[in-house]
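In what follows, a structure is listed as C-alpha cells, so that the remarks can point back to it.
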Amino acid sequence: MNEYRLIRLICLMKMKIDKTYKITLIGDGAVGKTSIRRSYLGETFKGNYNLTLGSDFATKIMQVGDLKINIIIWDLAGQPRFKAVREGFYRGTKGALLVYDITRKDTYENIPQWIMELLKNNRKQKVPMILIGNKSDLRGSLYKTIPSEHGETYAEELGLWSGFDVPYIETSAKFGDNVDQPFETLIKQIIKTDQMKTIASYLQGNL
Ligand code: G3D
Ligand code: MG
C-alpha cells in the first residue's frame, strides 16, 4: 500500500464522517475494474495499465442526503494467481460491483465464481451487488458482444437469489459512460440495508 494513500485514509477516518463503507470491485482480469474506479474518481483513462497486483484501494467522500459517507473502494486483481492475496480483502465488504467485459463471454460466465469467492471470504454474507457490463463502446465494432438482455436477465436472477435489487448497468470506462451510476446506486442500497439492520436489531432489543 502506498504511504500517501495510507496517510490519506487515516486523515479521512479522523474527519467527521457518518459512515464508512467498504465496497469491492470484482471480476476477471482485464475486464476494466481499475479503469472504472479511475474513471469514477475523475482520473484520466489510461491504456496500458500496470496490472493490479493483488489489491489496491481508493477512497471517496460522498454526501447522501444528510449523511457524509466515506467509501473505500477495493480493486482486486482478477487473475487466478492472486487468489490467495484476494481472499484476505473481502472481509467486511458491504457491497460489490461485479464486472464483466461484454466482448468476452468467459468473463460473463465466470461471475458466479466471483460471487462464491466473495461469500466464502465474507462470512457467507450476501451483500448488495451491481452487475456491470463494461466496454460498451465496443458495441457495434468488430467484436462479438454479449447482448444487454443477457446481463439484465442474469441480474434479475441474482436479485431473486440474494434478496437485493440487483441492477444491470453497462459502462464504458474508456469514455466515462455511466461510471457514476453503479457506485451511487450501490451506496444507496448499502445505506438502506444498514438502516434496516439497525432498525431490526433495535426492535429485537425492545421486544
Ligand atoms: P482490470 O483492472 O479489470 O484488470 P483494467 O482491467 O482496468 O486494467 O483494463 C484492462 C484493459 O481494458 C486496458 O487495456 C484498458 O485500457 C481496457 N479497458 C478498460 N475499460 C475499457 C472500456 O470501457 N472500453 C475499452 N475499449 N477498453 C477498456 P490495455 O490495452 O491496457 O490492456
Ligand atoms: Mg486492475
Residues of type lysines that Lys33 reaches as a straight line, Cα spacing below 17 Å, ignoring anything fewer than 8 places off in the same chain: Lys22, Lys46, Lys60, Lys83, Lys105, Lys135, Lys174
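Given 0.36 nm per residue, what is the gain on full extension from Asp18 to Lys83 after removing their alpha carbon distance, in nm? Mind showing how you got there, number by number?
Numbers: separation 65, 0.36 × 65 = 23.40 nm, distance 3.27 nm.
My answer for the length gained is 20.1 nm.
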For Met129, residues with placed amide H under 5 Å, excluding near neighbours: Ala96
task: Mind checking the full-extension length gain between Val64 and Arg91? Use 0.36 nm per residue of separation minus the Cα-Cα distance, one decimal, nm.
output: 7.3 nm
field: Dipole of segment 136-190 [Lys/Arg +1, Asp/Glu -1 at C-beta], most positive-end residue of His150, Leu186, Gly176
entry: Gly176
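What is the calculated FRET efficiency for Glu3 to Lys192, with r their C-beta to C-beta distance and R₀ = 45 Å, to the nearest 0.05? Kindly include the intermediate steps, with their values, before the conclusion.
Working: r = 36 Å, r/R0 = 0.79.
For Glu3 and Lys192, the calculated efficiency is 0.80.
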- prompt: Using modelled amide H (1.01 Å from N, peptide plane; none on Pro or chain starts), what sits under 5 Å from the amide H of Asn134, excluding residues fewer than 5 places away?
  reply: Tyr100, Asp101, Ile102, Thr171
- line: To the nearest 20 debye, the chain has a Cα-centred charge dipole, built from +1 on Lys and Arg Cβ and -1 on Asp and Glu Cβ, of 820 debye
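Just need the relative contact order of the chain here, percent rounded to a whole number, with Cα pairs under 8 Å and 6+ apart. Could you put the intermediate results ahead of the total?
Working: 334 pairs, mean separation 44.1, N = 207.
Once normalised by length, the contact order is 21 percent.
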task: For segment 157-163, just list the computed ³J(HN,Hα) in residue order, Karplus coefficients 6.51, -1.76 and 1.60, θ = phi - 60°, integers in Hz, with x standing in for Gly and Pro.
output: 4, 5, x, 5, 5, 8, x
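Give me the percent of DSSP beta bridges within the chain that run antiparallel, rounded to the nearest 5.
Working: 11 of 33 bridges.
Rounded to the nearest five, the antiparallel share is 35 percent.
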- prompt: Which three lengths, in whole Å and largest first, does segment 16-203 cover when its Cα atoms are put on their principal axes?
  reply: 56, 34, 33
query: Short version: ³J(HN,Hα) in whole Hz for each residue of segment 105-119, in order, from phi by Karplus 6.51 cos²θ - 1.76 cosθ + 1.60 (θ = phi - 60°), x for Gly and Pro, what are they?
result: 4, 4, 6, 6, 5, 7, 3, x, 5, 5, 5, 5, 5, 4, 4
task: Please report the relative contact order for segment 97-207, taking Cα pairs under 8 Å with a sequence separation of at least 6, and give it as a percent rounded to a whole number.
output: 27 percent
task: Name the long-range amide H neighbours of Met62: under 5 Å, sequence gap of 5 or more, or other chain; modelled H, no Pro or chain starts.
output: Ile69, Asn70, Ile71
message: If I model a spin label as a point 7 Å beyond the Cα along the Cα-Cβ vector, how far apart are those points for Asp177 and Ala200 in nm?
response: 3.8 nm
statement: Place a point 7 Å from the Cα of Lys105 in the direction of its beta carbon; the residues of segment 126-161 whose amide N falls under 19 Å from it are 133-136, 138-155
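Each value in this text was obtained by applying a stated rule to the coordinates, not by laboratory testing. Keep in mind it's a predicted model, so treat the numbers as computed, not measured. Here the Cβ is made from the backbone with ideal geometry for all residues, glycine too, and neighbour counts use every protein chain on show.
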